[in-house]
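Everything on this sheet refers to the single structure shown next.
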Amino acid sequence: MKQKAPKTSKSQAPAPPEAATFKPDFAEQVRSFVAEWSVTIVLLLFGTTTLLQAFVVPTGSMEDTVLIGDHMFVDKLTYSPKGALSKYILPYTDVKRGDIIVFKFPVNPRENYIKRVIGVPGDHIRVVNKELILNGKKVQEPYVVHKTSYMDSYRDNFPSEPNARLAEAAYKMLAENVSNGELVVPEGSYFAMGDNRDNSLDSRYWGFVPRDNIIGKPAIIFWSYDTSTERLADPNIISLDHLLDLATNFFSKTRWKRTFMIPKRYPLA
């Protein structure tokens with residue numbers, strides 16, 4: 001006769017094995033840390049090289065639209081070359097008259113400049129007594145300021161015989177691109193001027209902006225600090241004088257009202 005196995009009460013049931021606890025060793029922790037930060041750094045590099053770039057305005061050539069000491073993010077995506085698929089889903093656009101652009105200075109590509117596009121390829125441009133004539137029509141420029149009362153024969157009546165030293169590209173521009181007293185913008189180039197029209201080193205003095213030199217357009221001013229061109233002359237070096245000024249005057253010299261301002265384009269007909 002078979003004997004029945006004795007019943008086991010719940011209280012006598014064998015306890016389940018304890019869950020195994022896993023603690024990553026030091027090497028695993030290091031690998032995880034490196035992997036996480038590698039992804040973060042790659043994303044940051046992608047953002048700063050492809051999407052946005054921080055830029056500080058060192059001169060007053062765009063006053064009063066953009067001021068010395070304005071710190072802004074530059075949108076690098078808008079003017080990027082269009083891809084076969086991305087052109088349908090990303091906000092690409094062509095450079096237009098009236099756009100404010102940040103670009104590599106044609107004379108020294110290591111420097112970045114900010115100006116307003118006045119002429120696109122095919123445009124006819126001249127300035128008569130400080131007034132812009134674009135494609136045969138006088139243009140209203142509400143963003144322009146004139147801070148000198150006198151007339152300059154070259155600056156204020158352009159194109160004309162230079163009365164100052166120009167960059168070689170500007171001499172070439174005057175020699176090859178002037179027709180019937182008007183400057184004709186060639187293909188692949190743009191004519192840019194500062195809003196502070198009497199105090200702007202712009203295309204009148206160093207020639208056209210090549211399309212490949214254009215980095216992007218201002219997206220937003222994230223901080224504005226009242227300082228001087230001398231303190232911002234080299235964006236890669238922060239002088240001791242500037243650091244001391246920041247330490248003692250940060251709150252009083254920060255232009256709080258300019259925070260999150262967007263420098264806007266003005267359409268030119």
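The values are calculated or read from the model by the stated rules, or taken from the named source; none is laboratory data. As the structure is a computational prediction, the values presented were derived from the model and not from experiment. Glycine also receives a Cβ, built like all others from the backbone with ideal geometry; neighbour counts cover every protein chain displayed.
The number of residues in region 244-265 that are assigned to a loop (DSSP other than H, G, I, E, B) and exposed (fewer than 13 other Cβ atoms within 10 Å of the Cβ) comes to 3.
On inspection, LEU201 does not qualify as surrounded by fewer than 18 Cβ atoms within 10 Å (Cβ to Cβ) and assigned to a helix (DSSP H, G or I). The residues listed here are LEU268, LEU240, LEU232; of these, the one that is surrounded by 11 or more Cβ atoms within 10 Å (Cβ to Cβ) and at pLDDT below 90 is LEU232. Condition first: at negative phi and over 17 Å from the mean Cα position of the chain (by Cα). Can you find one or more residues in region 65-81 that meet it? Within region 65-81, none of the residues are at negative phi and over 17 Å from the mean Cα position of the chain (by Cα). Filtering region 139-178 to residues that are small (Gly, Ala, Ser) and in contact (Cβ under 8 Å) with a residue 40 or more places away in the chain leaves ALA164, ALA167, ALA169.
Selection of strands (runs of 3 or more DSSP E) fully inside region 110-163 by the criterion of at least 3 residues being more than 22 Å from the chain's Cα centre (by Cα) returns 124-128, 131-134.
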